[in-house]
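All remarks here apply to the structure that follows.
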Amino acid sequence: MSDTILLSLTIFLPVAAIPFLLMFDKKADDAARGFVFAVTVIDFLLALGIWQRFDYSNPGMQMQVSYPWISSWNINYQLGVDGISLPLIVLTGLIFCVSMAASWSITKAVRGYLVLFLLLQTGVMGVFMSLDFFLFYVFWEVMLLPMYFLIGIWGGPRREYAAVKFFLYTLAGGVLMLIAMLMFYVNSAPAGQPGIFDLMKLAEIAQAGGFDRTMQIAAFVMLFIGFAIKLPSFPFHTWLPDAHVEAPTPISMILAGILLKLGGYGILRVAMPLCPYGTQYAAYFLVALGVFSIIYGAFAAMAQTDFKRLVAYSSVSHMGYVLVGMAVWKINESTGDTIRNNSWHLGLDGAMFQMIAHGISSAGMFFMVGVIYDRVHHRDLNQFGGLMQKMPLYSGVAFGIFFAGLGLPGLCGFIGEVFVVLSSWNFSPLLAVIAASGVILTAGYILWTIQRVYMGPEYKGPHPEELRDMDGRESSIAFVILSLAILLGVAPGIMLNVMSPASEQLTKSLSTGYKVLHEAPAAQGPQVTSVAQ
């Protein structure tokens, strides 16, 4: 199978399966679910096929595909993978598999749900593989409508409010991204000639100083806000708790496990490579914002009485580590050189690993909340207690998954957080200490939640007769997630060996791009047109 077919099939297999899904009888819900589950499994195997072909020693973009799409505007169907995107592609395949397995609880308008589910998977895969800015933007917007309807139709009592809020926030971020994209297109070629949307070539122009300082700062601000909404980072996070609380369990798993990672990926793939000067200009603010998100999210989680809202706010806290790790870039202003460049490399590794770890642990936590909600139909933490006595298997697995979210050594959440905190020390010891205190706060609300839900006296809330342990399907999903949390905790090199060469190359290219403009005598860097031509 050629690279073109492999990458394209991984993206478009889910949407290509929709016509076959529509052939199923409207009453054959189980058969339709089984068919879509098989599609997600095949797509996951295709993602593993991409991993198998990947060369760990090559830090650059691999398996590149490029065909003209809209030639008059230099828009191409351009795909590729590197050490930044590959782990997220595999994670996407995995999370969609387990989320589809969790979708047997969906009984309303099943075929419509499955169609939107498959369309959403195509959009996400397309974002992670796109190397053309215009194509990236198209896939980014493709994700918007399926998620809007999945929340708005299959969600909870306030689903319309949560769906509209999600739509407006994401749409606003998309508009900012569109403006920045047009700025790069116009400034990437001489007057009178069409610009380019090729992200790799745009990054080369930026590295050579082809975009002036003012443009980079303005573009970075717009791109960062657009991606920070998805990350989510304070103060752009307020859509997230409502969306999580109202979304059905499988969609909450996808939202936390995959869609939040799109924000971090967008910063790494677009905002930073195209705006190295803007990235350094905003570095201290970004690290401070990430640290604030860590602490704010932890305190907000501690204050919740809704089980699902608590997990949602924990995502705000954990994704704060991602922002800190990406931004711990310190420059010696007298020379323009990075100070202790290896620390920034360590921070990027930590940020990327944290995205994968959080994708696993957060999807698992939302699934465990969904299991108990399906039985007792409430999420009030004050009405839980003693579940360990009634549901020992469920409680034991939940302990492991929540401890992974806590960052317990030996589980996946530990590695990323430690790497980020260590790297931030060379940037600012004060901010590093504050970020490290987030680990203590996380332990506080996780342990308190475990105590309130699983320990203590016998459960006395509504529907006690429905408390039964997990069935085979639920146990399989939970054990897959827990096994991966343990595997990445004890063998983080599985991911780090793929990520590290790409993150090291990114640190070097951004340092070069900043230094060129830093040393330029004028406010505007030299225009580089040869790359665009």
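The values are calculated or read from the model by the stated rules, or taken from the named source; none is laboratory data. Worth saying up front: this structure is predicted, and the values here are computed from it rather than measured. Please note: Cβ atoms are built from the backbone with ideal geometry, for glycine as well, and neighbour counts cover all protein chains shown.
Tabulated data for the structure shown
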| read-out | value |
| --- | --- |
| Filtered residue count, the stretch 230-250, keeping only those that are part of a helix (DSSP H, G or I) and under 24 Å from C412 (Cα atoms) | 6 |
| Among the residues listed as L176, L135, the single one being hydrophobic (A, V, I, L, M, F, W, C), buried (at least 18 other Cβ atoms within 10 Å of the Cβ) and in contact with a strand residue (DSSP E or B) (Cβ under 9 Å, 6 or more places away or on another chain) | L135 |
| Qualifying residue in the stretch 420-433 (condition: more than 26 Å from H345 (Cβ to Cβ) and surrounded by 16 or more Cβ atoms within 10 Å (Cβ to Cβ)) | no |
| Single match in S395, S428, S423 (criterion: more than 24 Å from the chain's Cα centre (by Cα) and at pLDDT below 90) | S428 |
| Cβ pairs under 9 Å, 6+ apart, first in the stretch 51-64 and among the β-branched types (V, I, T), second assigned to a loop (DSSP other than H, G, I, E, B) and surrounded by 13 or more Cβ atoms within 10 Å (Cβ to Cβ) | none |
| Q383 being among the polar types (S, T, N, Q), surrounded by fewer than 23 Cβ atoms within 10 Å (Cβ to Cβ) and either out of contact with any Leu (no Cβ under 7 Å at 6 or more places or on another chain) or modelled with pLDDT under 90 (or both) | yes |
| Tally of residues being over 13 Å from F128 (Cβ atoms) and of a type in the set (D, E, K, R) across the stretch 47-102 | 2 |
| Verdict on S105 being at negative phi, of a type in the set (G, A, S) and either touching a Ser or Thr at 6+ places or on another chain (Cβ under 9 Å) or at pLDDT below 90 (or both) | yes |
| Among the candidates S483, S503, S475, residue that is of a type in the set (S, T, Y), within 25 Å of I95 (Cβ to Cβ) and touching a His at 6+ places or on another chain (Cβ under 7 Å) | S503 |
| Any helices (runs of 4 or more DSSP H) falling wholly within the stretch 112-191 and containing at least 1 residues that are farther than 24 Å from G80 by Cα | 144-154, 159-187 |
| Given (1) at pLDDT 90 or above; (2) under 30 Å from G93 (Cα atoms); (3) part of a loop (DSSP other than H, G, I, E, B), index of the condition A203 fails | (3) |
| Considering residues of the stretch 470-515 that are of a type in the set (D, E, K, R) and surrounded by 14 or more Cβ atoms within 10 Å (Cβ to Cβ) only, the residue modelled with the highest pLDDT | E474 |
| For M455: the one exception among (1) crowded, with 18+ Cβ neighbours inside 10 Å; (2) modelled with pLDDT under 95; (3) out of contact with any Lys or Arg (no Cβ under 8 Å at 6 or more places or on another chain); (4) of a type in the set (A, V, I, L, M, F, W, C) | (1) |
| Residue count, the stretch 44-85 (criterion: more than 25 Å from I356 (Cα to Cα), surrounded by 13 or more Cβ atoms within 10 Å (Cβ to Cβ) and among the hydroxyl-bearing types (S, T, Y)) | 2 |
| Criterion violated by T449 - all others in (1) buried (at least 17 other Cβ atoms within 10 Å of the Cβ); (2) over 20 Å from the mean Cα position of the chain (by Cα); (3) closer than 17 Å to G359 by Cα satisfied | (3) |
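Matching residues to (1) more than 16 Å from the chain's Cα centre (by Cα); (2) of a type in the set (A, V, I, L, M, F, W, C); (3) surrounded by fewer than 24 Cβ atoms within 10 Å (Cβ to Cβ); (4) outside any helix (DSSP H, G or I):
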{"position": "S252", "(1), (2), (3), (4)": "no, no, no, no"}
{"position": "G257", "(1), (2), (3), (4)": "no, no, no, no"}
{"position": "G264", "(1), (2), (3), (4)": "no, no, no, no"}
{"position": "L268", "(1), (2), (3), (4)": "no, yes, yes, no"}
{"position": "Y277", "(1), (2), (3), (4)": "yes, no, no, no"}
{"position": "Y284", "(1), (2), (3), (4)": "yes, no, yes, no"}
{"position": "V287", "(1), (2), (3), (4)": "yes, yes, no, no"}
